[in-house]
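Structure first, then comments.
The values are calculated or read from the model by the stated rules, or taken from the named source; none is laboratory data. The model shown is predicted, which means the values in this text are computed figures rather than measured ones. Positions of Cβ are generated from backbone atoms using ideal geometry, with glycine treated the same way; all protein chains shown enter the neighbour counts.
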Amino acid sequence: MRFEFRTYKRLFRQPLKTHHGIWSVREGILVRLEDESGRVGFGEIAPLEWFGSEPIDDAIAFCRNAPSSIDSDWIRDIPFPACQFGFESAALLDSGSPLNPPSLGDFESRKLLDHSGLLARTQDWRELWEQGYRTFKLKIAIASIEIEIAMVESLLNQLPKDAVLRLDANMGLSEFETHQWLEFCDRYNIEFIEQPMRADQFETMLKLSQQYRTPIALDESVSNLAQLRDCYDRGWRGIFVIKPAIAGFPSQLRQFCQEHQLDTVFSTVFETAIGRRMGLQLAAELSEACSALRVRAVGYGTSHWFDELNSEDFEELWNSL
């Protein structure tokens, strides 16, 4: 297969503030593969270094040093998780051939995929509600806990009764603060608190997950497939927030989730439509395979954070770079 790549930069409409810091520009790589019969497949490499994937500079260097013609054996030897996702998305998908991904229209028409909208400000929920969102996500562990609890309580008093709220701490809470948040959340309808503590505090989070009604969801702790396996082997049976674009090979991720019937939330790393399509395809397939479990809204409600590179047409995206 003939290989080409192009880099991109996407400016956030407004910087994203998390406990990791302020994020203003999303950099990534689009991958294009074409076989001898002219069939074309696209993939995306969208690293997230502070989640444990390769740095963007390493991914660019890897693509620059790659041969112009590659095969499946070469792809299987890729060492970096975001690169694994990008190349296999372009080359394999679900047919084993470099084809454009199937339409998600059938999945979405059967309502298998609801989306969670990421709030930049608490007041933004009204606009997203009008767009059809019923699940919302808010970043915490940015300001003092007293200010944030008051802010979340105010938001909860505004949201309609059938709205669902998630909180994401990005590892920013101490054990004491995690207790405070869980005690608060148990009084309200909070779907879960995402990654309250550092990944190396797994045992504490496991213990806390058994003490409160509000679930804890692992995110940074399970950023790639090796970490996902490790947390499962160590006893985690709660929610796994999976970011397919940095998890590794989609085929291996699909197999692991199907084998173990995980309670999952598939989530974005602010990729373009190319990476998002593969992630949503996995989420839709697994929501059917794991239909006995609760199907949770996917965390891909982020298109409103960008003005450029929002096209759903892969050729158009490629040609715009």
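For ASN189, the criteria (1) modelled with pLDDT under 95; (2) closer than 21 Å to LYS243 by Cα hold in every case but one, which is (2).
Residues of the stretch 152-168 that are over 27 Å from SER221 (Cα atoms) and either assigned to a helix (DSSP H, G or I) or in contact with a helix residue (DSSP H, G or I) (Cβ under 6 Å, 6 or more places away or on another chain) (or both): GLU153, SER154, LEU155, LEU156, ASN157, GLN158.
Tell me, please, whether a residue that is touching a Cys at 6+ places or on another chain (Cβ under 9 Å), in a helix (DSSP H, G or I) and in the same structural domain as ARG296 (by TED's automatic domain parsing) can be found in the stretch 169-189. Scanning the stretch 169-189, I find no residue that is touching a Cys at 6+ places or on another chain (Cβ under 9 Å), in a helix (DSSP H, G or I) and in the same structural domain as ARG296 (by TED's automatic domain parsing), so the answer is no.
If the condition is being of a type in the set (Val, Ile, Thr), under 28 Å from ASP200 (Cα atoms) and in contact (Cβ under 8 Å) with a residue 24 or more places away in the chain, then the stretch 12-65 contributes THR18, ILE45, ILE56. Against the numbered list (1) more than 22 Å from the chain's Cα centre (by Cα); (2) surrounded by fewer than 16 Cβ atoms within 10 Å (Cβ to Cβ), LEU11 comes up short only at (1). Filter the stretch 13-28 down to the residues that are in contact with a helix residue (DSSP H, G or I) (Cβ under 6 Å, 6 or more places away or on another chain) and at pLDDT 95 or above and list them by number. Within the stretch 13-28, GLU27 is the sole residue that qualifies. It is to be established whether one or more residues within the stretch 15-24 are of a type outside the set (Ser, Thr, Tyr), crowded, with 21+ Cβ neighbours inside 10 Å and outside the structural domain of ASP168 (by TED's automatic domain parsing). No - not one qualifying residue is present in the stretch 15-24.
The criterion of at least 3 residues that are at pLDDT below 90 is met by the following helices (runs of 4 or more DSSP H) wholly inside the stretch 66-123: 105-109.
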